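The values are calculated or read from the model by the stated rules, or taken from the named source; none is laboratory data. Keep in mind the model is a prediction, meaning the values are calculated, not measured. Please note: Cβ atoms are built from the backbone with ideal geometry, for glycine as well, and neighbour counts cover all protein chains shown. Each accessible area value is taken on the protein alone, full model and side chains, heavy atoms only, with ligands, DNA and RNA left out. Shrake-Rupley method; radii C 1.70, N 1.55, O 1.52, S 1.80 Å.
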2 protein chains.
Amino acid sequence: MRVRLEDVARRAGVSPKTVSRVLNDEANVSDATRKRVTAAMEEMDYRPLSSARSLAGNRSFLVAMLYDNNDNPASTYLAEIQDGVLEACDAHRYNMMVRPLRMRGDDFVNRLDAVISDHHPDGIVLTPPITDYAPLLKRLRERNVPFASVSPVSREGNIGVAMDEQLAARTMVEYLLSLGHRRIAHVMGIADHGASRWRLAGYREAMAAAGLAEDPALVVQGAFTFASGVAAARQLFALKEPPTAVFAANDDMASGVMWVANERGMKVPQDISVCGFDDIPLASQLWPALTTIRQPSREMGKVAALQLLEVLRGRGPGRLVEMPFSLEVRDSTASPR
Amino acid sequence: MRVRLEDVARRAGVSPKTVSRVLNDEANVSDATRKRVTAAMEEMDYRPLSSARSLAGNRSFLVAMLYDNNDNPASTYLAEIQDGVLEACDAHRYNMMVRPLRMRGDDFVNRLDAVISDHHPDGIVLTPPITDYAPLLKRLRERNVPFASVSPVSREGNIGVAMDEQLAARTMVEYLLSLGHRRIAHVMGIADHGASRWRLAGYREAMAAAGLAEDPALVVQGAFTFASGVAAARQLFALKEPPTAVFAANDDMASGVMWVANERGMKVPQDISVCGFDDIPLASQLWPALTTIRQPSREMGKVAALQLLEVLRGRGPGRLVEMPFSLEVRDSTASPR
DNA sequence: CTGCAAATTGACAGCGCTGTCAACTGTGTC
DNA sequence: GACACAGTTGACAGCGCTGTCAATTTGCAG
């Protein structure tokens, strides 16, 4: 037979309601009572039944992590974030569910509604690019579901975690400049993603600061995928004046660029320097190992979830935490010859 | 105000219990009534509250996917399986949760117990290598929690999904033999994983069938990680008579082997052929693209979950479904020179 | 048309917990 | 010593659904 809250109450010599208070870490319980109840719980190995807690208390102890599975089929980046979110939820005995949410089409708000109505998450963790679809955020606020974001575009009124991606991108390009590169290309990510905008802005900032006029031919559109990196590289290498270095907006695209370089018999980094962004495991497994910006994805997932939990547990308003990045110089970049 | 089952019942002119029966797809409801109730549900956009269903019905509608996070930090393989499991659960309106379960130490059975007691999953999907820890399976059976496995070692009494990995490995090695290789090395995975055993067995089978005596120096231990592939390759390439081809038990290790080849200035596939197993996205992003065995991981996750759901929904006993593999010949293998 | 078994439907209690609100306890004040 | 007041505890109902079992309807043989 399962141990119920009532059983714990009897053992501790208090009313069920008092045990409930202890369980939920509520105020107004004397230290002595709290200690007695906690001991009884331990002794009996009491496990609250979450369905009963949910039904009576009208909360689900559930955090849903939403991601866009249009452009992100099982990506490493998301897997790492998920790992961090899960760790944070575990620590506070919250459950976590992952929900793909196709952002294609215009009924994604309905799909969000369905997720909320079906699962009643107490809160939501938003991952890029879902962090910035205005109608979706609006609906979340209307339905009064707290949420935290990983790398949202707007810092105003958002809680979660962010990184100064523009500065990171600028740092990367400044590094390339310091190696002596002047014709530096940039492969952009999907146009309306915040990550694409920041990384492009950082690139432009560094180039401008070095007094270099922007050559539009050196900035090509990508889509964060390996294949788009391949396409972008083909375009860049076909230029009359090809770049001596390529800064791709993420590692997958950078690996596409390197792939094309190999295909053409160009040596990296002797003939062309290539660098990426994110530092997914792939970056170290490529030959030569990829110079990139390290983004602590797992930690970022954890921190975003912790901010959300802060709110859910009524501990405070939560904030937008800034995470550090680092430039990982490896073997795919060198001075031009 | 939320629409409750009672509201639907009133609208359809039946008792709440009858609506419940329709909701749960039970027998003994006349077609006419069923139709009327279903219509009422639709019209009112009724969403059953899962906490109430769980509490009253003593089931959770929850499937937990267990994985070992010792050796698998956010691996692509698991992410793909997860994706498939999620799809299957969604289709039957079950929730899914992912649970890392460190297999190190000997209290993993307790940790399993905690998962069951805390979350009460109706069923569990086991992923390698958790599929084969006898004490864990025993506990699962004792506690009467149905489970399905992805690639279990033992096919007896297990439901889920499997692939003939030994045949796949043999096929790969036969392909290398057909290219003219004779000194073929194998980098093993973690010793007690089923995948390691089968892939090694397939390697041996093919070598023996070709009349080649096994050279123990050509079979080296790995651990399914990139780093272990690097270590294994250093060992192999240092041999007096190094291999002309290396078959690694998975793609990550194969990429480590290629990395060392590059480091030493050896050309793949001219100087050394390398191949892997799994066909994770990395395989196509390496240069040269990796010859490997394609394993339909996502589909396998889905099929395993479907077998479990078959059981959970009282539809049958479930079975062990065999999935096909395919040899993906790419550019990392060629005849020796 | 009657009688009987099978199929269909409903009444009711209760799953294990928490919200509400009332009751009680102890402390400090004048 | 009486009173006010904050701090602590408990009684009770009820969250929305399903299990049990009894009541009713239907189908069909005689």
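Would a scan of the stretch A:308-320 turn up a residue that is under 21 Å from the mean Cα position of the chain (by Cα), assigned by TED's automatic domain parsing to the domain that holds residue A:178 and at negative phi?
No, the stretch A:308-320 has no match at all.
Can you work out which of the residues in the stretch A:130-146 that are free of Cβ contacts under 8 Å to residues at least 12 places away in the same chain and either of a type in the set (Val, Ile, Thr) or assigned to a helix (DSSP H, G or I) (or both) is nearest to residue A:195 (Cα to Cα)?
Checking each candidate, the answer is A:134.
Is there a residue in the stretch A:20-39 that is touching a Lys or Arg at 6+ places or on another chain (Cβ under 6 Å), of a type in the set (A, V, I, L, M), more than 8 Å from DNA strand D (Cβ to nearest atom) and open to solvent by less than 60 Å² (accessible area, probe 1.4 Å)?
Yes: the stretch A:20-39 contains one or more residues that are touching a Lys or Arg at 6+ places or on another chain (Cβ under 6 Å), of a type in the set (A, V, I, L, M), more than 8 Å from DNA strand D (Cβ to nearest atom) and open to solvent by less than 60 Å² (accessible area, probe 1.4 Å).
For residue A:68, are the conditions met, namely being of a type in the set (D, E, K, R), within 14 Å of the chain's Cα centre (by Cα) and under 20 Å from residue B:95 (Cα atoms)?
Considered against the rule, which asks whether it is of a type in the set (D, E, K, R), within 14 Å of the chain's Cα centre (by Cα) and under 20 Å from residue B:95 (Cα atoms), residue A:68 comes out as yes.
How many of the residues making up the stretch B:92-129 are open to solvent by 40 Å² or more (accessible area, probe 1.4 Å), in contact (Cβ under 8 Å) with a residue 60 or more places away in the chain and away from every other protein chain (no Cβ under 12 Å)?
1
A quick yes/no check of all residues on (1) in contact (Cβ under 8 Å) with a residue 12 or more places away in the chain; (2) of a type outside the set (S, T, N, Q); (3) farther than 24 Å from residue A:82 by Cβ:
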{"position": "A:220", "(1), (2), (3)": "yes, yes, yes"}
{"position": "A:259", "(1), (2), (3)": "yes, yes, yes"}
{"position": "A:265", "(1), (2), (3)": "no, yes, yes"}
{"position": "A:280", "(1), (2), (3)": "yes, yes, no"}
{"position": "A:285", "(1), (2), (3)": "no, no, no"}
{"position": "A:296", "(1), (2), (3)": "yes, yes, no"}
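Got a number for residues in the stretch B:1-13 being open to solvent by less than 70 Å² (accessible area, probe 1.4 Å), more than 6 Å from DNA strand D (Cβ to nearest atom) and touching a helix residue (DSSP H, G or I) at 6+ places or on another chain (Cβ under 6 Å)?
Number satisfying all stated conditions: 4.
Given the condition under 17 Å from the mean Cα position of the chain (by Cα) and open to solvent by 10 Å² or more (accessible area, probe 1.4 Å), answer yes or no: does some residue in the stretch A:248-256 qualify?
Yes, that holds for at least one residue.
Contact list please: Cβ distance under 9 Å, first residue in the stretch B:14-36 and within 14 Å of chain A (Cβ to nearest Cβ), second residue more than 6 Å from DNA strand C (Cβ to nearest atom) and among the β-branched types (Val, Ile, Thr), pairs at least six apart or on different chains.
That search, which allows pairs on different chains as well, returns B:23/B:8; B:23/B:37.
Please enumerate the residues belonging to the stretch B:189-211 that are open to solvent by 50 Å² or more (accessible area, probe 1.4 Å) and either outside any helix (DSSP H, G or I) or in contact with a Cys (Cβ under 9 Å, 6 or more places away or on another chain) (or both).
Within the stretch B:189-211, B:191, B:192, B:210, B:211 qualify.
Looking at (1) in contact with a Lys or Arg (Cβ under 9 Å, 6 or more places away or on another chain); (2) open to solvent by less than 40 Å² (accessible area, probe 1.4 Å); (3) at pLDDT below 95, which one does residue A:73 not meet, given that it meets all the others?
All conditions pass for residue A:73, except number (2).
Looking only at helices (runs of 4 or more DSSP H) that fall completely inside the stretch A:230-337, which ones have 1 or more residues that are of a type in the set (Ser, Thr, Tyr) and more than 20 Å from residue A:175 (Cα to Cα)?
The qualifying helices (runs of 4 or more DSSP H) are A:297-312.
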